[in-house]
Amino acid sequence: MIGAGKKRRIFFALLIGVCVLAVGAIYADLQIGYYTSANLGSVVQPAPPRLQTNGVYSVAAYPLYTPQLVPGVGRQDAAAYCNTCHTPSYITMQPPLPAATWKAEVDKMGKAFGAQIPTGAQARIIKYLETHYTPETRKH
Amino acid sequence: MLAHNESHMENKSNAYTRRSLLKTIAVGSGTLALSHFAGATALAQQLPAAAKRLPSFTGPGPNPYWNSVGPMATYPQKAPLVLLTDRPVQLETPRNYFLNAITPNEAFFVRWHLESIPNEVDLSSWRLRIEGNVNKPLALTFSDLLHKFKPVTLAAVNQCSGNSRSRFGPRVAGGQWGNGAMGCARWTGVHFRELLDMAGVKSGSVQVQMQGLERGKGPKGMPSYEFKKSLDLSNPVLDESIVAYSMNGEPLPMLNGFPIRLIVPGYFATYWVKCLTEVRLLDKPDENFWMNPAYRVPDTPRGTTTSADVAAGKVRMIPINRMPVRSFIISPDGATKIPAGLPVTVRGTSFSGYGRVAKVEFSDATRGGWREAKLGEDLGPYAFRTWEYPWTPDRPGKYSLAVRATDEKGNVQPDEGVWNPGGYLWNKIERQEVTVGEPA
């Protein structure tokens, strides 16, 4: 007769053995010939442009890689007014900033840079940035 | 990580069995399975660096990475560069390009303040105007610049005032550059003084103002409409400045200021006006936003202060000027393990806005003290000076490599950062952690 305690010990011994084998197998898989499918992030190779011999020198359009702002009240105002002079990458690039800094930044856009933002919209933009882009609140 | 391993296993013919096995284990014994999954996670951390993405932003602490964390993006005439912002365009040069003293045009960093920058320049109507407080206003063609003046060539580092701003603690708002908002090119053009002399600067002139084709969507008269910079006429840097039409023996890329830009050796890039079209002699100091309050630094040693002192109005601010001495470790970059006992060449670059780099010292923090590195070719007082140090780590472990430069004026890089509200003048000693593994 095998006691219940012994049964349990055999079960655990087997289990540990199986685990060691499994991890060993995974490890072996990672050692050689390990590939994974991924987004290449490929870049299109431009064709040589047809150039004329006149005095005009030009380049293609500058591409936009515009990030998304976090959804929330005030996002529309930020999109409408901030976007006049710069894309939201100017917001998303920043580290999480204290609420007072965001207020100072938006005030600077109006006072120093001359952005024409109605008072109501300006308050909503500040509130929006304070709600989503501070050290306490920023997630994305 | 786990999801990653699972998808990997699905690609293998025998993967399904193993996955079932793992599931069985997971059901059979929670605790044991957890510990083994933890093991799998540790393994996954040794996977190629490309498998794991950088975060999309850093903070509130300092950015711990060499470059900023943006994605790589391609722009006209450019290799893939690190994207900070897409409109206006700001692109950072990836670390590996700094192994050479000359930064290729296609990798040279890009920084514009305003969004309306040229995609096209018609040289048949383009003119460089020298005007304002002068005896004879000039309107020079591109070919005047090429043929009516003696060409001069100079290698010089162009560094954004806010380079390494993301190192600041506490962080400050602004372009969150890593270390790659810098580059060194061979600039060919015309002595700036020669142009000023040709126009005849009237007595009573105090500053020379530069403006290019950069425009913004803001109201006229506001800094969001145009970008202008000025230098004192008494500043000796004007004698060394050139109006460059060639960069590394090629036309300037549009994003770096085609057809000409001002080169102000030793000075931060804010004065190196791109797509230069107007040079104005002023009879009173320029007080436009881009001169005051923008691009100002505390008039204190190293330009460092505190936000409390700024708020209390205790700090006098002056226009930013010369670049403090800096040096960088470019390779190894910490992404690859080095076997103990293998000799490796630690390589990097250095420069100073105050003149030649006289000495670069290396430390691995284990054998105490700084050891002098071998300097690369001397391309002139304002160029990058590469350096290298033969290093053989003798034992496995984590090593903190450090580099420090001293310029010919005796300025030495300090081991403390700076803080100022603009996020300027960073030149703390750079460190790189590397992992040395068992050789056998």
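Laid out as a table, the results:
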{"read-out": "At 1.306 mPa s and 10 °C, Stokes diffusion of region A:75-132 via Kirkwood alpha-carbon radius, µm² per second", "value": "140"}
{"read-out": "Subset of B:LYS202/B:LYS228; B:LYS314/B:LYS409; B:LYS136/B:LYS202; B:LYS229/B:LYS428; B:LYS78/B:LYS274; A:LYS111/B:LYS220 violating a 19 Å alpha-carbon distance limit", "value": "B:LYS202/B:LYS228; B:LYS314/B:LYS409; B:LYS229/B:LYS428"}
{"read-out": "Extended-chain gain in nm, criterion 0.36 nm per residue less alpha-carbon gap, B:LYS52 and B:ASN292", "value": "82.1 nm"}
{"read-out": "Space enclosed by the convex hull of the alpha-carbon atoms of the protein assembly as shown, per residue, Å³", "value": "206"}
{"read-out": "Of B:TYR354, B:GLY410, B:ALA365, farthest towards positive along the dipole that unit charges on Lys, Arg, Asp, Glu beta carbons give region B:326-437", "value": "B:ALA365"}
{"read-out": "Cβ-based charge dipole, the protein assembly as shown, positive-most Cα from A:SER58, B:ASN427, B:LEU138", "value": "B:ASN427"}
{"read-out": "Loop trypsin sites (Lys or Arg not before Pro), region B:370-416, which have at most 16 other Cβ atoms in a 10 Å radius of their Cβ (DSSP)", "value": "B:LYS409"}
{"read-out": "Projected label distance in nm at B:LYS314 and B:ASN135, using a 7 Å step from Cα toward the beta-carbon", "value": "5.1"}
{"read-out": "Where a label projected 7 Å from the Cα of A:VAL73 along Cα→Cβ would reach, residues of region A:124-140 with amide N under 15 Å", "value": "A:124-132"}
{"read-out": "Anchor B:LYS374: aspartates and glutamates whose Cα lies under 17 Å away (excluding residues fewer than 8 positions away in-chain)", "value": "B:GLU361, B:ASP364, B:GLU388, B:ASP407, B:GLU408"}
{"read-out": "Check: chain A dipole with +1 on Lys, Arg Cβ and -1 on Asp, Glu Cβ, in debye", "value": "620"}
{"read-out": "Calculated from backbone phi, Karplus (6.51, -1.76, 1.60) coupling profile of region B:135-147 in Hz, x at Gly/Pro", "value": "6, 9, x, 10, 9, 8, 8, 4, 6, 4, 4, 6, 10"}
{"read-out": "For chain A, calculated [θ]222 nm from helices alone, where every DSSP H run of n ≥ 4 adds -39500 (n - 2.57)", "value": "-13500 deg cm²/dmol"}
{"read-out": "Region B:303-360 - Debye-derived log10 I(q)/I(0), Cα point model, q = 0.24 Å⁻¹", "value": "-0.99"}
{"read-out": "Kirkwood Rh in Å, taken over region B:326-437 so that all alpha-carbon pairs contribute", "value": "14.6"}
{"read-out": "Taking the C-alpha atoms of chain B, convex hull volume expressed per residue in Å³", "value": "196"}
{"read-out": "Distance from region B:117-158 to region B:277-306 (C-alpha centre basis), Å", "value": "24"}
{"read-out": "Dimensionless Rg over Rh [region B:62-195; C-alpha; Kirkwood]", "value": "1.04"}
{"read-out": "Relative contact order computed over region B:61-145 (Cα-Cα under 8 Å; 6+ residues apart), in percent", "value": "18"}
{"read-out": "Kirkwood Rh in Å, taken over all unlike Cα pairs in region B:72-294", "value": "17.9"}
{"read-out": "Likely footprinting exposure, B:LYS220, B:LYS78, A:LYS108, fewest C-beta neighbours within 10 Å first", "value": "B:LYS220, A:LYS108, B:LYS78"}
{"read-out": "Average Cα contact separation per residue, chain A, under 8 Å, 6 or more apart, as relative contact order %", "value": "23"}
{"read-out": "Anchor A:LYS127: lysines whose Cα lies under 17 Å away (excluding residues fewer than 8 positions away in-chain)", "value": "A:LYS103, A:LYS108, A:LYS139"}
{"read-out": "Helical contribution to [θ] at 222 nm, DSSP H n ≥ 4, -39,500 (n - 2.57), averaged over chain B, rounded to 500", "value": "-4000 deg cm²/dmol"}
{"read-out": "Cβ-Cβ FRET estimate between A:GLN31 and B:LYS337, R0 fixed at 22 Å, reported to 0.05", "value": "0.90"}
{"read-out": "Near-label residues of region B:122-153 by backbone N, under 18 Å of a point 7 Å along Cα→Cβ of B:GLU194", "value": "B:128-130, B:138-153"}
{"read-out": "Eligible lysines near A:LYS7 by straight Cα distance, threshold 25 Å, same-chain separation 8 or greater", "value": "B:LYS23"}
{"read-out": "Set of region B:69-93 residues, backbone N closer than 16 Å to the point 7 Å along the Cα-Cβ line of A:SER42", "value": "none"}
{"read-out": "Rel. contact order, % - alpha carbon contacts under 8 angstrom, at least six apart, region B:72-294", "value": "23"}
{"read-out": "Crossing angle, helix A:99-111 versus chain A [Cα axis fit, 0-90 degrees, rounded to tens]", "value": "30"}
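Values in this text are rule-based calculations from the coordinates and carry no lab data. Bear in mind that the values here come from a model prediction, so they are computed numbers and not experimental data. For neighbour counting, all protein chains shown are included, and Cβ atoms are generated from backbone atoms with ideal geometry for every residue, glycine included.
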